[in-house]
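Student: For reference, the structure I am asking about is given below.
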Amino acid sequence: MSDTNTISIDNPILDVDKIRSDFPLLSKEIGGKPLIYLDNGATTHKPKQVIERVRKFDSDEYGTVRRGSYRLCEHSTQLYEEARQKVADFLGAPTRQEIVFTSGTTQSINLVAHSFGRKFVNSGDEVIISNIEHHANTVPWQVLCDEKGATLKVIPVADNGELVMEEYDKLLTNKTRIVAVNHVSNALGTINPVNEITRKAHAVGAKVLIDGAQSTPHMKVDVQGINCDFYTFSGHKMYAPSGIGGMFGKMEVMETMSPYVTGGDMIMQVTLEKTTYAKPPARFEAGTPPISQVIGLGAAIDYLNAIGMDKIFEYEKSLLDYGTRLLNDIDGLRIIGNAKEKAAILSIYLEAAHPHDIITMLDQDGIALRGGHHCAQPTMIRFGVPATARASMAFYNKFSEIDALADSLRKIIKFFS
Amino acid sequence: MSYDNELYQQVILDHNRKPRNFHEMENSTSSCHGINPLCGDDITIYLKLDEAERVIQDISFTGSGCAISKASTSLMTQYLKGKKIDESRLIFDEFHKMVLGDFDPEKEEHHLGKLTLFMGIREYPSRTKCASLAWHTMVGALDKKSEGVSTE
């Protein structure tokens, strides 16, 4: 709990009412009650600036990209590459050619596991993940290690939700080929020390992938500062359309990698005997991409930049501190994950009620939370709970919504006791 | 106090707090492990079958899950103890269709007894598997499925 939090409800960092008026869905009612949306870790709503930009593009400007020399196509291609530049700037990447568009974090990690992993990880080699990874950053590495006869090693997590870094030091060897960890845990909210993780992995010659699905929407990211080799993200978790996301990959590393999906647009030259591949990022973008969604992603980044990522982080931190204080006062409630460095996620466990019952009952009060294992079953097992109810906050959430959550949780505890 | 809906009736809350037949069975003739991979509900059903008479002599369960899945399993064990195997399969069929909204015990002849109290779950599509996991697992035990069952 932070004593240094000077943010009061009356003096917020952001004009949240104004921000909320940008998000049409936030003013909807669910079963006659105002929607209180606290499942931003799963997906986020879209501001009208994004919705309108996609609509305008589809109705007035739409054309394919990179395939034609007529004006519609050239215009689309220009907007598409401008969006790539926006992503590069947003992540602090040196060049836009180091940004690959994919369908999201899951596909980005699979791309790296396939195109880097299958080429450079061999029998006897080692891959390191952590005990608080999303299944998307677990299963691709398990499959790779099974296939190659490599060993998957896991950084343990302490009771407070922080990675045990002394154990990480011991896991690293000269056989480590890749270290893949998240920047922010989707199940616990822990912000991991990715700079230190990367520096130590590089010291033994391993490459580093950071899963940024939960960090890019909520804090300033600087891939050059982290110095990671790959950094993945999902658009729909950062106020952009679904179906689009991507990754940063260092050019010198991506140039050594083979394609993942093959087909049109990722080639240099194709004859019936042989194909040579295009340079990254085109090498990893076979087929016609989700063009409108890329334009929408660019608009979402403009929207976030206009508010400012530092302000967003500061405001969400004040929501987290407030919520933590409020929920810790409730008897029979446990918050799983109390890392010192934490994003605005509250993973809630009640002695009295199972998360699925909690979610159904909160829904009757118009409050949307995720209940379940959050695609992080190894994390749930580690903390000895079958599932949690997760409140994941965004800059459009209000302090009064956290009050409503606490009131409902009290009511649920009483109902089941 | 709100939440006075069809889903969380007193009987369900009672069976959630004090599940019946909630123990391992040492001399079971078959058992089955059932999971709901989406939410992590995890139960094991133990059966003692009288193969000659085709009767479920005894039935019990262990595991963890939400109030709906725990109460559904508890009530199922109470209801099926002593029932014929064929009748149990028929009841499974009726129960399964009822929670999906494909069978209305208020309009059609049925063998569900007090289990009709789970009828309200048809209004909550995301929760039907909570109620039906026990039944799928029970049938798995009848069929002696050693690999277990899953709702997905």
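We did not get these values from a lab; they are worked out from the coordinates using the rules stated. Here the structure is a predicted model, which means the values were calculated and not measured. So basically every Cβ, Gly included, is an ideal-geometry build from the backbone, and we count neighbours across all protein chains shown.
Student: Report the net charge of residues surrounding B:ASP41, where surrounding means a beta-carbon distance below 15 angstrom and charges are Lys +1, Arg +1, Asp -1, Glu -1. It would help to have the intermediate numbers written out before the result.
Tutor: Working: positive: B:LYS70, B:ARG127, B:LYS129; negative: A:ASP357, B:ASP42, B:GLU152.
Residues near B:ASP41 contribute 0 overall.
Student: Considering amide H positions built from the backbone, and no H for Pro or chain starts, which residues 5 or more places from A:THR176, or on another chain, come under 5 Å of its amide H?
Tutor: For A:THR176, the qualifying residues are A:GLU126.
Student: Given springs between every Cα pair under 10 Å in a Gaussian network model of chain A, which of A:VAL154, A:VAL127, A:VAL253 has the largest fluctuation?
Tutor: The residue that fluctuates most here is A:VAL253.
Student: Quick one: dipole size for the protein assembly as shown, taken about the Cα centre, charges +1 on Lys/Arg Cβ and -1 on Asp/Glu Cβ, in debye to the nearest 20. Write out the running numbers ahead of the final one.
Tutor: Details: 62 positive and 74 negative charges, 169 e Å.
Using Cβ point charges on Lys, Arg, Asp and Glu, the protein assembly as shown gives about 820 debye.
Student: Looking at segment B:16-93, which trypsin sites (Lys or Arg not before Pro) are DSSP coil and have at most 13 other C-beta atoms within 10 Å of their C-beta?
Tutor: For trypsin sites (Lys or Arg not before Pro) across segment B:16-93 that sit outside H, G, I, E and B with at most 13 neighbouring Cβ atoms in 10 Å, the list reads B:ARG54.
Student: Further question on the same structure: Excluding A:THR64 itself, what net charge comes from residues whose Cβ is under 15 Å from its Cβ, given Lys and Arg +1 and Asp and Glu -1?
Tutor: Here the charged neighbours net out to -3.
Student: I'd like the Karplus ³J(HN,Hα) series for segment A:324-340: coefficients 6.51, -1.76, 1.60, θ = phi - 60°, whole numbers in Hz, and an x wherever there's a Gly or Pro.
Tutor: Each residue of segment A:324-340 in turn: 4, 4, 5, 6, 5, 7, 8, 5, x, 10, 10, 9, 8, x, 10, 4, 5 Hz.
Student: Something else: Using only the alpha-carbon atoms, what does segment A:255-321 span along each of its principal axes? Please give whole angstrom values in decreasing order.
Tutor: Over segment A:255-321, Cα extents along the principal axes are 61, 26, 15 Å.
Student: Oh, and also: In terms of the Cα gyration tensor, with a ≥ b ≥ c the square roots of its eigenvalues, is segment A:51-306 rounded because a/c is under 1.5, prolate because a/b exceeds b/c, or oblate?
Tutor: Values: a/c = 2.35, a/b = 1.43, b/c = 1.65.
Verdict is oblate for segment A:51-306.
Student: Quote the charge dipole size of segment A:51-306 about the Cα centre in Debye, to the nearest 20; the model charges only the Cβ of Lys and Arg (+1) and of Asp and Glu (-1).
Tutor: Details: 25 positive and 29 negative charges, 99 e Å.
Magnitude of the dipole: close to 480 debye.
Student: Tell me the mean residue ellipticity at 222 nm calculated for chain A from its helices only (DSSP H runs of n ≥ 4, each -39500 (n - 2.57), averaged over every residue, nearest 500).
Tutor: Value at 222 nm, helices only: -10500 deg cm²/dmol.
Student: Also, quick follow-up: Radius of gyration and Dmax for the protein assembly as shown's Cα atoms, expressed in Å?
Tutor: Using the Cα atoms of the protein assembly as shown, the pair Rg, Dmax is 26.3, 81 Å.
Student: Here is a further query. With just the Cα atoms defining each centre, how far is segment B:1-65 from segment A:277-350? Give it in Å.
Tutor: 39 Å
Student: Of A:ASN186, A:TYR396, A:TYR62, whose Cα points farthest to the positive end of the dipole of the protein assembly as shown (charges on the beta-carbon: +1 Lys, Arg; -1 Asp, Glu; origin at the Cα centre)?
Tutor: A:TYR62
Student: Hey, another quick one. May I ask for the net charge around B:ASP14, where only other residues with Cβ less than 15 Å from the Cβ of B:ASP14 are counted and Lys, Arg are +1 while Asp, Glu are -1?
Tutor: Charge balance near B:ASP14 sits at +4.
Student: Now for a separate question. Where the centre of each part is set by its Cα atoms, how far does segment A:61-75 sit from segment A:134-210, in angstrom?
Tutor: Spelled out, the Cα-based centre of one part sits 42 Å from the other.
Student: Compute the angle between helix A:355-364 and the longest alpha-carbon principal axis of chain A, please, reported from 0 to 90 degrees and rounded to the nearest 10.
Tutor: It is inclined by approximately 70 degrees.
Student: If you don't mind, there's one more thing I want to ask. Cross-link list A:LYS170/A:LYS207; A:LYS86/A:LYS207; B:LYS114/B:LYS144; B:LYS84/B:LYS114: which exceed 20 angstrom alpha carbon to alpha carbon?
Tutor: Violating the 20 Å Cα-Cα cut-off are A:LYS86/A:LYS207; B:LYS114/B:LYS144.
Student: To the nearest 10 degrees, how steep is helix A:399-416 against the longest Cα principal axis of chain A, on a 0 to 90 scale?
Tutor: So the helix axis and the longest Cα principal axis differ by about 70 degrees.
Student: When the convex hull of the C-alpha atoms of segment B:1-94 is computed, what volume per residue in Å³ does it have?
Tutor: Hull volume over Cα atoms, normalised by residue count, gives 108 Å³.
Student: OK, next. What does the charge dipole of segment B:10-147 about its Cα centre add up to, to the nearest 20 debye, if the Cβ of each Lys and Arg holds +1 and the Cβ of each Asp and Glu holds -1? Working shown, then result.
Tutor: Details: 18 positive and 21 negative charges, 75 e Å.
Value, rounded to 20: 360 debye.
Student: Taking every DSSP beta bridge with both residues inside the protein assembly as shown, roughly what % is antiparallel (nearest 5)?
Tutor: Counting DSSP beta bridges with both partners in the protein assembly as shown, the antiparallel share is about 65 percent.
Student: Further question: Helix B:85-100 against the longest principal axis of chain B: what's the angle in degrees, Cα atoms only, rounded to the nearest 10?
Tutor: 20 degrees
Student: A follow-up question, please. Lys/Arg Cβ at +1, Asp/Glu Cβ at -1, dipole of segment A:1-116 taken about the Cα centre: which of A:LEU72, A:ALA42, A:GLY92 is farthest positive-ward?
Tutor: Sorting the options by dipole projection puts first A:LEU72.
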